[in-house]
Amino acid sequence: AGYLPVTDGLIGGMPTSPSIELEDGETRDRVDVVLTRFGTMPGRVLDEYGDPVMNAHVQALHVIYESGRRKLVAVGIPARVSDDRGAYRLYGLKSGQYIISAFIGDVSSDDVPGYARTYFPGMDRAGDAQFVAIGPGQNVAGVDVPLVRTLTARLGGRMINAMGEPAGGSLVLVPTWGSGGVPAGSLL
C-alpha cells in the first residue's frame with residue numbers, strides 16, 4: 001500500500017510484473033525491487049478574501065473520452081476534506097495530469113455564502129481549469145483552490161407519484177447547460 005505497481009513493460013497493453021529468469025539449480029542473492037511511492041498534492045482551500053475554508057471537499061479528476069466526447073470524472077481515490085487551516089492533501093495519485101476541484105457540500109445555514117464547485121486555479125467552469133501534472137513519487141505542493149462565490153438556492157418538497165401518493169426512490173437534480181452549474185462527471 002502507498003506504492004505504485006512495479007512493472008517492467010507492457011504485454012497486450014497491460015503492465016507486466018518484473019521477472020528474473022534462473023537456470024536449473026541457479027540461485028541469486030541480493031535482488032532489489034525498487035518501489036516508488038504514489039504522488040501527493042497538498043494545498044489549501046480559500047475563500048474570496050484568502051481566508052481558509054474548513055470542511056471543503058477536494059477531488060482529483062481526470063478527462064476520459066466517452067462516445068467521442070470529453071468527460072470529467074473523479075479518479076479512484078476518495079475526496080479529501082480541508083481542515084481548520086483550509087489545508088488538504090491528496091495522495092495515492094498515479095503519474096498523470098489531473099484537474100483539482102473543491103466544493104462545499106451540505107451547507108445548511110442561510111447565512112453561509114454560497115460557493116460554486118471550483119477548479120484549480122480558481123475557475124467556476126471545468127473547461128477553464130488548469131491541469132496539474134504529477135510524476136512518480138512526486139509531491140506537487142501549492143495547489144491552492146480559491147473558491148468562487150455564486151448564488152445558491154435551497155429546494156424543498158416531497159416526491160409523489162401520479163396518484164398523488166408519497167413516492168419512494170431518490171431524486172437527482174442535474175443542472176442544465178444554461179444554468180452555469182457544472183457537476184463533476186459532466187462533459188467539458
Filter result for residue 83 (within 17 Å of residue 145 (Cα to Cα) and either of a type in the set (S, T, N, Q) or assigned to a loop (DSSP other than H, G, I, E, B) (or both))
yes
Any chance residue 121 is on the phi < 0 side of the Ramachandran plot and at pLDDT below 90
no
Among the candidates 129, 167, single out the residue that is farther than 21 Å from residue 100 by Cα, touching a strand residue (DSSP E or B) at 6+ places or on another chain (Cβ under 8 Å) and either modelled with pLDDT of 90 or more or open to solvent by less than 60 Å² (accessible area, probe 1.4 Å) (or both).
167
I'd like the full set of residues that are assigned to a loop (DSSP other than H, G, I, E, B), within 15 Å of the chain's Cα centre (by Cα) and over 20 Å from residue 81 (Cβ atoms), limited to region 126-143.
129, 130, 131
Which residue out of 83, 144, 110 is under 21 Å from residue 56 (Cβ atoms), modelled with pLDDT of 85 or more, open to solvent by 50 Å² or more (accessible area, probe 1.4 Å) and among the charged types (D, E, K, R)?
144
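The values are calculated or read from the model by the stated rules, or taken from the named source; none is laboratory data. Computed from a predicted model, the values in this text were never measured in an experiment. We place every Cβ from the backbone using ideal geometry, glycine too, and count neighbours over all the protein chains shown. Areas reflect the complete protein model, heavy atoms only, side chains present, ligands, DNA and RNA absent. Shrake-Rupley method; radii C 1.70, N 1.55, O 1.52, S 1.80 Å.
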